[in-house]
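Single-structure report; data block below.
The values are calculated or read from the model by the stated rules, or taken from the named source; none is laboratory data. Every value quoted in this text rests on a predicted model; they were computed, and no experiment measured them. As a convention, Cβ positions derive from the backbone with ideal geometry for all residues, glycine included, and neighbour counts pool all protein chains shown. Keep in mind that these areas ignore ligands, DNA and RNA; they rest on the heavy atoms of the full protein, side chains included. Shrake-Rupley method; radii C 1.70, N 1.55, O 1.52, S 1.80 Å.
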Amino acid sequence: MTTIAAPSSTTGTASALRRLYFVRFAFAIVWALVMFTMAEEITPVAAVLLVVYPLFDVGAAVVDANASRETRSPVLLYVNMAVSLVAAVSVGIAATSGIPAVLRVWGAWAIVSGLVQLIVAVPRRKMGGQWPMILSGGISVLAGASFVASAGADDPSLSSAVGYAIPGGIFFLISALRLGRAAKAANDA
(Lines give C-alpha, C1' and ligand atoms only; values in the text may rest on other atoms or scores of the structure.)
Protein backbone atom coordinates (compact mmCIF):
# COMPACT_ATOMS: atom_id res chain seq x y z
CA MET A 1 0.00 0.00 0.00
CA THR A 2 1.31 3.43 -0.90
CA THR A 3 0.48 6.40 1.21
CA ILE A 4 1.11 9.97 0.35
CA ALA A 5 1.88 12.15 3.31
CA ALA A 6 0.13 15.46 3.40
CA PRO A 7 2.52 18.35 3.56
CA SER A 8 3.06 19.61 7.07
CA SER A 9 1.69 23.00 7.99
CA THR A 10 5.26 24.28 8.31
CA THR A 11 6.04 23.16 4.74
CA GLY A 12 2.85 24.79 3.47
CA THR A 13 3.67 28.01 5.30
CA ALA A 14 7.24 27.97 3.96
CA SER A 15 5.96 27.48 0.42
CA ALA A 16 3.47 30.34 0.72
CA LEU A 17 6.10 32.61 2.26
CA ARG A 18 8.54 31.72 -0.52
CA ARG A 19 6.06 32.87 -3.16
CA LEU A 20 5.25 35.99 -1.16
CA TYR A 21 8.94 36.83 -0.75
CA PHE A 22 9.55 36.56 -4.50
CA VAL A 23 6.66 38.97 -5.12
CA ARG A 24 7.94 41.35 -2.44
CA PHE A 25 11.41 41.29 -4.03
CA ALA A 26 10.04 42.16 -7.47
CA PHE A 27 7.78 44.90 -6.12
CA ALA A 28 10.56 46.52 -4.05
CA ILE A 29 13.00 46.61 -6.96
CA VAL A 30 10.50 48.00 -9.48
CA TRP A 31 9.15 50.52 -6.97
CA ALA A 32 12.65 51.74 -6.10
CA LEU A 33 13.70 52.08 -9.73
CA VAL A 34 10.62 54.18 -10.50
CA MET A 35 10.93 56.26 -7.32
CA PHE A 36 14.61 57.06 -7.88
CA THR A 37 13.52 59.23 -10.80
CA MET A 38 11.41 61.31 -8.36
CA ALA A 39 13.60 61.46 -5.25
CA GLU A 40 14.28 65.21 -5.31
CA GLU A 41 10.70 66.47 -5.09
CA ILE A 42 7.28 65.18 -4.23
CA THR A 43 5.17 65.16 -7.34
CA PRO A 44 1.61 63.81 -7.30
CA VAL A 45 2.90 60.53 -8.82
CA ALA A 46 5.66 60.31 -6.21
CA ALA A 47 3.12 60.93 -3.43
CA VAL A 48 0.93 58.11 -4.73
CA LEU A 49 3.92 55.76 -4.97
CA LEU A 50 5.00 56.67 -1.44
CA VAL A 51 1.53 55.72 -0.19
CA VAL A 52 1.43 52.53 -2.29
CA TYR A 53 4.58 51.10 -0.67
CA PRO A 54 3.15 50.77 2.87
CA LEU A 55 -0.20 49.69 1.39
CA PHE A 56 1.63 46.89 -0.41
CA ASP A 57 3.12 45.97 2.97
CA VAL A 58 -0.42 45.72 4.37
CA GLY A 59 -1.37 43.32 1.57
CA ALA A 60 1.78 41.27 2.09
CA ALA A 61 1.06 41.03 5.83
CA VAL A 62 -2.47 39.80 5.04
CA VAL A 63 -1.06 37.06 2.81
CA ASP A 64 1.56 36.21 5.44
CA ALA A 65 -1.04 36.06 8.23
CA ASN A 66 -3.24 33.74 6.18
CA ALA A 67 -0.27 31.49 5.38
CA SER A 68 0.95 31.51 8.99
CA ARG A 69 -2.37 30.84 10.67
CA GLU A 70 -1.71 27.09 11.01
CA THR A 71 1.80 27.42 12.40
CA ARG A 72 1.51 30.39 14.69
CA SER A 73 -0.79 33.14 15.87
CA PRO A 74 -0.44 36.03 13.43
CA VAL A 75 -1.09 38.73 16.06
CA LEU A 76 2.13 40.61 15.24
CA LEU A 77 1.24 40.50 11.56
CA TYR A 78 -2.05 42.21 12.45
CA VAL A 79 -0.01 44.84 14.28
CA ASN A 80 2.12 45.25 11.16
CA MET A 81 -1.01 45.66 9.03
CA ALA A 82 -2.29 48.41 11.32
CA VAL A 83 1.09 50.15 11.49
CA SER A 84 1.52 50.04 7.71
CA LEU A 85 -2.02 51.30 7.13
CA VAL A 86 -1.40 54.21 9.50
CA ALA A 87 1.93 54.81 7.72
CA ALA A 88 0.23 54.94 4.31
CA VAL A 89 -2.28 57.53 5.50
CA SER A 90 0.41 59.48 7.36
CA VAL A 91 2.77 59.48 4.36
CA GLY A 92 -0.07 60.78 2.20
CA ILE A 93 -0.66 63.61 4.64
CA ALA A 94 3.07 64.27 5.12
CA ALA A 95 3.59 64.46 1.35
CA THR A 96 1.63 67.73 1.37
CA SER A 97 4.17 69.19 3.83
CA GLY A 98 7.35 68.20 2.00
CA ILE A 99 10.25 65.79 2.06
CA PRO A 100 11.28 66.31 5.72
CA ALA A 101 7.79 65.33 6.91
CA VAL A 102 7.77 62.28 4.64
CA LEU A 103 11.20 61.21 5.92
CA ARG A 104 10.03 61.45 9.53
CA VAL A 105 6.93 59.35 8.89
CA TRP A 106 8.82 56.89 6.65
CA GLY A 107 11.51 56.58 9.32
CA ALA A 108 9.03 55.94 12.12
CA TRP A 109 7.31 53.32 9.97
CA ALA A 110 10.66 51.64 9.14
CA ILE A 111 11.54 51.47 12.84
CA VAL A 112 8.24 49.94 13.96
CA SER A 113 7.79 47.57 11.00
CA GLY A 114 11.45 46.51 11.29
CA LEU A 115 10.92 45.59 14.93
CA VAL A 116 7.81 43.60 14.02
CA GLN A 117 9.65 41.84 11.17
CA LEU A 118 12.49 40.96 13.53
CA ILE A 119 10.15 39.63 16.22
CA VAL A 120 8.12 37.59 13.68
CA ALA A 121 11.22 36.10 12.00
CA VAL A 122 13.01 34.88 15.14
CA PRO A 123 10.54 32.09 16.00
CA ARG A 124 10.34 31.11 12.31
CA ARG A 125 14.05 30.20 12.18
CA LYS A 126 13.26 26.48 12.35
CA MET A 127 11.37 26.86 9.05
CA GLY A 128 14.55 28.06 7.36
CA GLY A 129 15.27 31.17 5.34
CA GLN A 130 14.62 33.58 8.19
CA TRP A 131 18.09 34.92 8.93
CA PRO A 132 17.79 37.40 6.05
CA MET A 133 14.47 38.54 7.53
CA ILE A 134 16.07 38.94 10.96
CA LEU A 135 18.90 41.00 9.47
CA SER A 136 16.44 42.99 7.36
CA GLY A 137 14.33 43.82 10.42
CA GLY A 138 17.38 45.03 12.33
CA ILE A 139 18.61 47.08 9.39
CA SER A 140 15.15 48.57 8.97
CA VAL A 141 15.24 49.88 12.54
CA LEU A 142 18.63 51.51 11.95
CA ALA A 143 17.63 52.87 8.55
CA GLY A 144 14.43 54.32 9.99
CA ALA A 145 16.43 56.22 12.60
CA SER A 146 18.68 57.58 9.85
CA PHE A 147 15.65 58.74 7.81
CA VAL A 148 14.31 60.64 10.81
CA ALA A 149 17.75 62.19 11.38
CA SER A 150 18.16 63.09 7.68
CA ALA A 151 14.85 64.98 7.72
CA GLY A 152 16.70 67.81 9.43
CA ALA A 153 19.44 68.06 6.77
CA ASP A 154 19.88 71.25 4.76
CA ASP A 155 18.61 69.73 1.53
CA PRO A 156 16.81 66.46 2.38
CA SER A 157 16.12 63.96 -0.35
CA LEU A 158 14.03 60.84 -0.59
CA SER A 159 16.87 58.89 -2.22
CA SER A 160 17.96 57.18 1.01
CA ALA A 161 14.37 56.16 1.81
CA VAL A 162 13.91 54.92 -1.74
CA GLY A 163 17.24 53.12 -1.64
CA TYR A 164 16.07 51.35 1.51
CA ALA A 165 13.66 49.30 -0.62
CA ILE A 166 16.47 47.68 -2.62
CA PRO A 167 18.30 45.87 0.20
CA GLY A 168 14.90 44.96 1.66
CA GLY A 169 13.94 43.41 -1.66
CA ILE A 170 17.25 41.56 -1.85
CA PHE A 171 16.73 40.17 1.65
CA PHE A 172 13.31 38.89 0.53
CA LEU A 173 14.93 37.23 -2.50
CA ILE A 174 17.61 35.56 -0.36
CA SER A 175 14.99 34.39 2.11
CA ALA A 176 12.82 32.97 -0.69
CA LEU A 177 15.78 31.08 -2.12
CA ARG A 178 16.76 29.74 1.30
CA LEU A 179 13.17 28.67 2.02
CA GLY A 180 13.24 26.74 -1.26
CA ARG A 181 16.46 25.00 -0.23
CA ALA A 182 15.05 24.19 3.20
CA ALA A 183 11.87 22.74 1.63
CA LYS A 184 13.91 20.63 -0.79
CA ALA A 185 16.07 19.31 2.05
CA ALA A 186 12.95 18.46 4.08
CA ASN A 187 11.41 16.62 1.12
CA ASP A 188 14.63 14.69 0.46
CA ALA A 189 14.83 13.58 4.09
Charge dipole magnitude, Cβ of K and R +1, D and E -1 - the range 55-143, Cα centre, debye nearest 20: 240 debye
Highest to lowest packing among 30-36, 139-145, scored as the average C-beta count within 10 Å: 139-145, 30-36
Around Asp57: net Lys/Arg minus Asp/Glu count, Cβ-Cβ under 15 Å: 0
Electrostatic dipole magnitude of the chain [Cβ: Lys, Arg +1; Asp, Glu -1; Cα centre; debye, to 20]: 900 debye
Folded to 0 to 90 degrees: helix 44-68 orientation relative to the chain principal axis, Cα: 20 degrees
Residues of the chain: accessible area per residue with a 1.4 Å probe, Å²: 50 Å²
Percent carbon-and-sulfur accessible area, the chain, ignoring ligands, DNA and RNA, probe 1.4 Å: 69 percent
Largest to smallest accessible area among Met133, Met38 [probe 1.4 Å]: Met38, Met133
Largest to smallest accessible area among Asp64, Asp154 [probe 1.4 Å]: Asp154, Asp64
Listed residue (Ala14, Ile29, Leu115) projecting farthest to the positive dipole end of the chain, Cβ model: Ala14
The chain: angle of helix 165-188 to the longest principal axis, Cα-based, in degrees nearest 10: 0 degrees
Option label - volume of the Cα convex hull per residue in Å³ computed here, alternatives (1) 143; (2) 97; (3) 196: (2)
Summed side-chain charge close to Phe171 - residues other than Phe171 whose Cβ falls under 13 Å, Lys, Arg +1, Asp, Glu -1: +2
Surrounding net charge for Glu40, when Lys and Arg each add one and Asp and Glu each subtract one, Cβ distance under 15 Å: -3
CD proxy at 222 nm, helix term only [per DSSP H run n ≥ 4: -39500 (n - 2.57); per residue of the chain; nearest 500]: -26500 deg cm²/dmol
